[in-house]
1. Could you tell me which residue of the stretch 3-28 is most open to solvent (accessible area, probe 1.4 Å), considering only residues that are in contact with an Asp or Glu (Cβ under 7 Å, 6 or more places away or on another chain) and not small (Gly, Ala, Ser)?
2. Which of the residues that make up the stretch 50-63 are open to solvent by less than 70 Å² (accessible area, probe 1.4 Å) and in contact with a Leu (Cβ under 8 Å, 6 or more places away or on another chain)?
3. Has the stretch 14-36 got any residue that is in a helix (DSSP H, G or I), over 14 Å from LEU105 (Cβ atoms) and touching a helix residue (DSSP H, G or I) at 6+ places or on another chain (Cβ under 7 Å)?
4. Considering only residues that are hydroxyl-bearing (Ser, Thr, Tyr) and in contact (Cβ under 8 Å) with a residue 12 or more places away in the chain, which ones fall in the stretch 68-120?
5. Does any residue in the stretch 138-157 that is free of Cβ contacts under 8 Å to residues at least 24 places away in the same chain come within less than 8 Å, Cβ to Cβ, of a residue that is crowded, with 17+ Cβ neighbours inside 10 Å six or more places away or on a different chain, and which pairs are these?
6. Out of curiosity, is ASP128 on the phi < 0 side of the Ramachandran plot and either polar (S, T, N, Q) or surrounded by 14 or more Cβ atoms within 10 Å (Cβ to Cβ) (or both)?
7. I'm checking my understanding of the structure. Among residues of the stretch 69-102 that are more than 18 Å from VAL124 (Cα to Cα) and small (Gly, Ala, Ser), which one is most open to solvent (accessible area, probe 1.4 Å)?
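The values are calculated or read from the model by the stated rules, or taken from the named source; none is laboratory data. None of the values given here were measured: they were computed from a predicted structure. For neighbour counting, all protein chains shown are included, and Cβ atoms are generated from backbone atoms with ideal geometry for every residue, glycine included. In case anyone asks, the SASA skips ligands and DNA or RNA and just uses the protein heavy atoms, side chains included. Shrake-Rupley method; radii C 1.70, N 1.55, O 1.52, S 1.80 Å.
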Amino acid sequence: MTSQTVHSKFEGAATAYLHSFRTKTPGSNDPDPEAIRAHQHPDCLTDFGHTYFVSTAPNLQGQKSGDAFITRLCGMASKMKTYTVDVTNTCVDVEQRTVVARAQLLMVPMHAEGVTQDILFWIVLDEDAEKVVRCTEFVDPAASAELMRRMQLPADA
């Protein structure tokens, strides 16, 4: 394979994984767990960064299995009117089998305006560059706090 083809394969696998987080029905809040699993290695692990921010957020601490990640995503989705995921940039390191992807997640709570999370995903792929082995999600702490605040607003706010 040419270096461009290898690069494209890595970028494509990472982008497909992140796009699998999207809702089955645009404008809804129905994630597709099977679509996500199709891109995860059976031993996939996920975690969060930045170190200090995660140390202040017990729900973000520790490594989680791919299935635990899906459970978390489905729980978050159930509290949203809708959400979108758009990959805006990638950086591929073929030797390390990693892709750093920047994505914008517009998350719209049930009874409030949406918040855009600007997230970096550090993705490690398997030997074939087809499945995600590990993913560290670096979220925006300020956007996270604002999203949590908006999610707690009453329906008539």
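1. LYS24
2. Hits for the stretch 50-63 are PHE53, VAL54.
3. Yes.
4. Taking the stretch 68-120 as the starting set, the residues that turn out to be hydroxyl-bearing (Ser, Thr, Tyr) are 71, 78, 82-84, 88, 90, 98, 116.
Those that are hydroxyl-bearing (Ser, Thr, Tyr) and in contact (Cβ under 8 Å) with a residue 12 or more places away in the chain: SER78, THR82, TYR83, THR84, THR88, THR90, THR98, THR116.
5. Going by the 8 Å Cβ cut-off, the qualifying pairs are ASP140/GLN117; ASP140/ILE119.
6. Details: on the phi < 0 side of the Ramachandran plot: yes; either polar (S, T, N, Q) or surrounded by 14 or more Cβ atoms within 10 Å (Cβ to Cβ) (or both): no.
For ASP128, the condition - on the phi < 0 side of the Ramachandran plot and either polar (S, T, N, Q) or surrounded by 14 or more Cβ atoms within 10 Å (Cβ to Cβ) (or both) - is not met.
7. Taking the stretch 69-102 first, the residues more than 18 Å from VAL124 (Cα to Cα) are 71-86, 88.
With small (Gly, Ala, Ser) added as a condition, the list becomes 75, 77-78.
Details: GLY75: 30, ALA77: 2, SER78: 72 Å².
It comes out as SER78.
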